Amino acid sequence: METRKVYISGGSTYVLSLPKKWVNKTGLKAGDSLVVTEQGGSLLIETGDVEKEPKVKEIRISQLTSSESLPRMIIAYYLVGYDTLKIILNSKDHLSYRKNIRKILDFLVGVEIVEDTNEAMTLEIMVDYKRMMTAQILQRMYSIIRSMLLDMGKAMENMDTALAKDVIVREREVDRLYFLVVRQLKSAVEYQQVAEKLGIKNQKDCLGYRIAVKVLERISDHIENIANSYIELLETGDEVRFEDFIKLNNRIVVIFEKAFNSLFTRNYIMAETIFQNINEIKNTGPDFTNQLLSPKNIQSAILMKAMLDSLERIESYSSDLAEIAINMSAGNFPGKQE
């Protein structure tokens, strides 16, 4: 940190010199324009076009520990904002690397293979910030997760394994959107211009959105766990009553809906009611003790317990969304003077 004096030029213009190191780093020249954004008591200064030079990364598979590490490397560079990834296949056994590259692309939005030779595979990341606002993507994630929860209730009600399997498939789309939002938020934190393109008015909201998107991704994981346990439970052939599971699932759907709506409306009053709803479930919700102890097949009891645990985790994550809503609405409580 360093201090710089403010000078007056022409009697009415205030002038501040820029650090030479920063000027050289950004490649600024005399006559170039800068973007100045006021944020409370601070000024944010950015170059005129933060996306003028694409970021390129070369990955040599000979430097990786295994083919399983390559997808994690691709995701890491995707999240931090690289535009082109060139994977150099400088190893005799590169078929497993190719397989893992194609597999991981199913989880990343906007990534295409533009070069595929014996020597290298080049991935181009084509994401248009203007067409995919962060709030819209989060809304899409919410819609998918809500449909997964509702259909999980229908699957249990109708003994429909096909519908439960479709719920599992939908979880992959939530993962794809999760990675996309994280990529967006990392750029938004670094550049106010990108944040504005993504519809994020204040960069400090990025932290709340980052926690929220992880919560949504974890909720979808637990719905997938419920679906998998449910399918296995039916395959045991043990007679199981799902009425209590359906009732609990339906009550959690309502809590999840309210939690997400409170987040996007910054409605702290609505968020506070969620904690009351959760306490009501704990006090008046179904008692699963007899069901967990009665099955002759111990595997059935384990699967039912897994379903119950995931439902309770979804309930807990919904309360996390409510807490984020309250934190993000701070400063907007009744009585604040505008």
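Please treat every number below as a calculation from the coordinates, not as lab data. Fair warning: this is a prediction, and the values are worked out from it, not measured in the lab. Cβ sites come from the backbone with ideal geometry, for glycine too, and all protein chains shown count toward neighbours.
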Worksheet item: In the stretch 56-125, if every C-alpha pair distance is counted and binned at 10 Å from zero, what percent goes to each bin?
Response: 21, 63, 16, 0
Worksheet, complete the sentence: Rounded to the nearest 10 degrees, the helix 298-328 long axis (Cα) sits at an angle to the longest Cα principal axis of the chain of 40
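Given a Förster radius of 22 Å and the C-beta distance between L95 and R172 as r, what FRET efficiency does 1/(1 + (r/R0)^6) yield to the nearest 0.05?
0.40
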Practice prompt. Go ahead and run the numbers for FRET between V15 and F275, Cβ-Cβ distance against an R0 of 51 Å, rounding to 0.05.
Written response: 0.45
Worksheet, complete the sentence: In degrees, nearest 10, the alpha-carbon axis of helix 268-284 is tilted away from the dominant principal axis of the alpha carbons of the chain by 20
Item to complete: Rank the residues D116, D93 as a footprinting-exposure proxy: fewest other Cβ atoms within 10 Å of their Cβ go first.
Response: D93, D116
Worksheet item: What fraction, in whole percent, of alpha-carbon pairs in the chain exceed 37 Å separation?
Response: 37
Practice prompt. For N261 and K282, compute 0.36 nm times the residue count separating them, minus their Cα-Cα distance, and round to one decimal in nm.
Written response: 5.3 nm
Worksheet item: Taking springs between alpha-carbon atoms closer than 10 angstrom, which of K103, K86, K296 fluctuates most in the Gaussian network model of the chain?
Response: K296
Worksheet entry | Degrees, to the nearest 10: 95-104 long Cα axis against longest axis of the chain | 90
Fill in: Mean-position separation - Cα centroids, the stretch 263-310 and the stretch 129-198, in angstrom
23
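Work out how much length S294 to L34 would gain on full extension: take 0.36 nm times their residue separation and subtract the Cα-Cα distance, in nm to one decimal.
86.6 nm
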Worksheet entry | Surrounding net charge for N267, when Lys and Arg each add one and Asp and Glu each subtract one, Cβ distance under 14 Å | -1
Response to the item:
E239 and I8 label points (each 7 Å along its Cα→Cβ direction) are spaced in nm at 9.2
Response to the item:
Once amide hydrogens are built 1.01 Å from N within the peptide plane, the residues lying 5 or more places from L198 or on another chain with amide H under 5 Å from its amide H are none
Item to complete: Would you mind calculating the relative contact order of the chain from Cα pairs under 8 angstrom and at least 6 residues apart, reporting the percent as a whole number?
Response: 14
